[in-house]
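Below is one structure, written out as structure tokens; the observations come after it.
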Protein chains: 4
Amino acid sequence: MDFTPQNPDFATVVAESFARQGLMKALGIELAEVLPGRCVLAAGHRAGLLQQHGYFHGALIGAMLDCAGGYAGYSLMPTGSEVLTTEYKVNFLAAAQGEQLVVRGKVVKSGRTLTVTTAEAFCVQDGAERLCAVMLQSLIRVPAEGEPKP
Amino acid sequence: MDFTPQNPDFATVVAESFARQGLMKALGIELAEVLPGRCVLAAGHRAGLLQQHGYFHGALIGAMLDCAGGYAGYSLMPTGSEVLTTEYKVNFLAAAQGEQLVVRGKVVKSGRTLTVTTAEAFCVQDGAERLCAVMLQSLIRVPAEGEPKP
Amino acid sequence: MDFTPQNPDFATVVAESFARQGLMKALGIELAEVLPGRCVLAAGHRAGLLQQHGYFHGALIGAMLDCAGGYAGYSLMPTGSEVLTTEYKVNFLAAAQGEQLVVRGKVVKSGRTLTVTTAEAFCVQDGAERLCAVMLQSLIRVPAEGEPKP
Amino acid sequence: MDFTPQNPDFATVVAESFARQGLMKALGIELAEVLPGRCVLAAGHRAGLLQQHGYFHGALIGAMLDCAGGYAGYSLMPTGSEVLTTEYKVNFLAAAQGEQLVVRGKVVKSGRTLTVTTAEAFCVQDGAERLCAVMLQSLIRVPAEGEPKP
């Protein structure tokens, strides 16, 4: 599915918003790619991202899936909009073992008020990717000042 | 609903597992209370927990909801078990503004293989609690060695 | 939680909308009770509501949970509004065996645009209720004509 | 993704189970196709499948999504297994207007105990398909007699 961004500066807008997220900075999560309706996040293996058995923590994976979906949706919104997650759900498929976690979000339906996205989390081990979690998410657009509020 | 723990040392088992989670330590999340079928986590306001508008990050709230539900379920499992989240979903109700975040998980149904939990996230502002997110979750019990594997 | 309805005729509005739902009529589902922010549906045991083992079909339970939550939310909306489910999720807790299914929906958060609800499904066997499924749902209000559209 | 069925008679097993579902019969839903890890259901426009505005009822769409995912998963299970939905979630994307509803389920991950599936619902209008809902689901396999129970 191809999406046409309403804001030509979408990549800058996403990057600036991401840079202001204290949580993403604290966790060392990297914004790897932003395309219209798509966003990729990545994280390397570090003690502060793990659960009790040394795998990437499911709650971290959920957090990255939420963010990747959120920024995929945000990339299609008009100038001046803000975005909020209203809900998301995650299914875990495999233990997240590996040297890196790569999370890819993409828009399923971009509406004026609500956007629906999905995202997939892959762990990279010895260079091979393995799908370890999937997400489904709803976003709400907060209109820019001057637009009628929903 | 009252639950009878199968492992009399459930509180110690939960605390030791929580202490081994690098992510919870990195985020400074505190295990505030463990009762049979219940678990409370708390976090104070810090830059590393926030999103771009200075509120607690939704992805952090999701992570704490997942953990609180997971440890609520784990508290009822027999000695030697391990617990994995198979899926969870979060609905956000209000902007998470305040000086503290308190997340309370509890078991809805504790089965031999699968457990279902819910959790609620409250932000505390000027001493008053406000419900800001709710969660519904499935856990799977990984049996101790020697038990038949599911 | 107590809710004050914005439309004094909320019970009539809900009943009239329910009566226009061909699916509910075809399935013989009964609107048992409507209170502000609450709705109860019921169905008796009949071949057309069952799955392959003679229990109430999970998909029927999901359908009733969706409707009960939707009408719980609709009961709080201003005159002239319409309501749409944007998403829901169901966890099944026990086989739905019994002579009747009773589903109770209630509002968690009623917003101007979005409403969040939960619902519980109980099977009644020999007069005793057993919780067999839980739901979490988002609704969107479609404003009456003349209101600014979201 | 290609799946190899463990039961060579998977298509017959699925069709026989589907035929025993009173709810599917009552609703006139048709089992259109079964392939390894895939299942397609279809329903024509009829008063008994609609909501109050004459569209296909969201609760019907949810029911078909649940079933299509369930039988997609069941097609990969070994002889003698039974399947239960443990949870599912649906996001609605567009009003389900049209002369037919087609729902396609497919397996994301097939495990020994748990299976994760997705499904998409399309409404067909003047011969063109439009995506109107997406689902994410967990199934549990109930082993055949003689197998160790989970």
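The values are calculated or read from the model by the stated rules, or taken from the named source; none is laboratory data. Here the structure is a predicted model, which means the values were calculated and not measured. Here the Cβ is made from the backbone with ideal geometry for all residues, glycine too, and neighbour counts use every protein chain on show. Accessible surface areas use protein heavy atoms only, side chains included; no ligands, DNA or RNA. Shrake-Rupley method; radii C 1.70, N 1.55, O 1.52, S 1.80 Å.
What number comes out for the charge environment of A:Ala119, summing +1 per Lys or Arg and -1 per Asp or Glu over other residues with Cβ under 15 Å away?
Result for the local shell: +1.
What residues does the stretch A:41-60 have that are buried by at least 40 Å² of accessible area in the full protein assembly compared to the chain on its own, 1.4 angstrom probe?
A:Gly48, A:Gln52, A:His53, A:His57, A:Ala59
Round to a whole angstrom and tell me the spacing of the C-alpha centers of the stretch C:56-98 and the stretch D:19-94.
17
With the crude spin-label approximation of a point 7 Å out along Cα→Cβ, what separation in nm comes out for D:Val142 versus B:Glu145?
Between D:Val142 and B:Glu145, the label points sit 3.4 nm apart.
Which residue, B:Ser17, B:Ala43, B:Met64, has the largest displacement toward the positive end of the dipole of the stretch B:1-88 when charges sit on each Cβ (Lys, Arg +1; Asp, Glu -1)?
B:Ala43
How far is it, in nm, from the label point at B:His53 to the one at D:Arg46 when both lie 7 Å from their Cα along the line to the Cβ?
In this crude label model, B:His53 to D:Arg46 measures out at 4.8 nm.
Summed for both chains, how many Å² of accessible area, to the nearest 100, are buried between D and C with a 1.4 Å probe?
2500
Going by a 1.4 Å probe on protein heavy atoms, which residues of the stretch D:69-115 end up with at least 50 Å² less accessible surface in the whole assembly than in their chain alone?
Residues losing area: D:Thr86, D:Glu87, D:Tyr88, D:Lys89, D:Asn91, D:Phe92, D:Leu93, D:Lys109, D:Leu114.
I need the fraction of alpha carbon pairs in chain D separated by more than 22 Å, rounded to a whole percent.
Roughly 37 percent, rounded to a whole number.
Assuming R0 = 45 Å, can you tell me the calculated FRET efficiency for the pair C:Ala94 and A:Ala32, based on Cβ-Cβ distance, to the nearest 0.05?
0.55
Output ³J(HN,Hα) for the stretch C:23-32: one whole-Hz value per residue in order, computed from phi by the Karplus curve 6.51 cos²θ - 1.76 cosθ + 1.60 with θ = phi - 60°, and x for Gly and Pro.
Whole-Hz 3J(HN,Hα) from phi for the stretch C:23-32: 5, 5, 5, 4, 8, x, 8, 9, 7, 8.
Using a 1.4 Å probe on the protein heavy atoms, what percent of the accessible area of the stretch A:107-149 belongs to carbon and sulfur?
That share works out to 50 percent.
Note down the magnitude of the dipole of the stretch C:72-112 about its Cα centre, charges +1 on Lys and Arg C-beta and -1 on Asp and Glu C-beta and zero elsewhere, to the nearest 20 debye.
Computed about the Cα centre, the dipole is about 220 debye.
D:Val83: net charge of surrounding residues, Cβ under 12 Å, Lys/Arg +1, Asp/Glu -1, itself excluded?
That works out to -1.
With contacts defined as alpha carbon pairs under 8 Å and 6 or more residues apart, what's the relative contact order of the stretch B:25-97 in percent?
31
Heavy-atom accessible surface, probe 1.4 Å, ligands and DNA/RNA ignored: which residues of the stretch C:10-26 lose at least 10 Å² versus the isolated chain?
Residues meeting the cut-off: C:Ser17, C:Arg20, C:Gln21, C:Gly22, C:Leu23, C:Ala26.
Could you state the accessible area per residue of the protein assembly as shown in Å², with a 1.4 Å probe and every protein chain left in place?
Value returned for the protein assembly as shown: 39 Å² of accessible area per residue.
For the stretch C:1-92, with all protein chains present and a 1.4 Å probe, just round the carbon and sulfur fraction of the accessible area to a whole percent.
Heavy-atom surface of the stretch C:1-92 belonging to carbon and sulfur, 1.4 Å probe: 54 percent.
Defining a contact as two alpha carbons under 8 Å apart and six or more residues distant in sequence, what relative contact order in percent does chain B show?
Across chain B, relative contact order equals 24 percent.
With a ≥ b ≥ c taken as the square roots of the eigenvalues of the C-alpha gyration tensor of the protein assembly as shown, please select rounded if a/c is under 1.5 and otherwise prolate if a/b is larger than b/c or oblate if it is not?
Since a/c stays below 1.5, the shape of the protein assembly as shown is classed as rounded.
May I ask you to evaluate 6.51 cos²θ - 1.76 cosθ + 1.60, the Karplus curve with θ = phi - 60°, for each residue of the stretch A:6-21 and list the ³J(HN,Hα) values in order in whole Hz, giving x for glycine and proline?
7, 10, x, 8, 3, 5, 5, 4, 5, 4, 5, 5, 4, 5, 8, 8
Skipping prolines and chain starts, which residues have an amide H placed within reach, meaning under 5 Å, of the one on B:Glu87, given they are 5 or more residues away or on another chain?
Amide H neighbours of B:Glu87: A:Phe92, B:Ser138.
Before rounding to the nearest 500, sum -39500 (n - 2.57) across all DSSP H runs of length at least 4 in chain A and divide by the residue total; then give [θ] at 222 nm in deg cm²/dmol.
After summing the helix terms and dividing by residue count, I get -6500 deg cm²/dmol.
Residue by residue through the stretch B:70-86, what is 3J(HN,Hα) from phi via Karplus (6.51 cos²θ - 1.76 cosθ + 1.60, θ = phi - 60°)? Round to whole Hz and write x for glycine and proline.
Result, rounded to whole Hz: x, 6, 4, x, 4, 4, 9, 8, x, 3, x, 6, 10, 10, 10, 6, 9.
Could you tell me the relative contact order of the stretch C:64-150? Use alpha-carbon pairs under 8 Å, at least six residues apart, and round to a whole percent.
Relative contact order here is 37 percent.
Compute a Gaussian network model of chain B, connecting alpha carbons closer than 10 Å, and tell me which residue from B:Gln125, B:Gln100, B:Gln137 fluctuates the most.
B:Gln125
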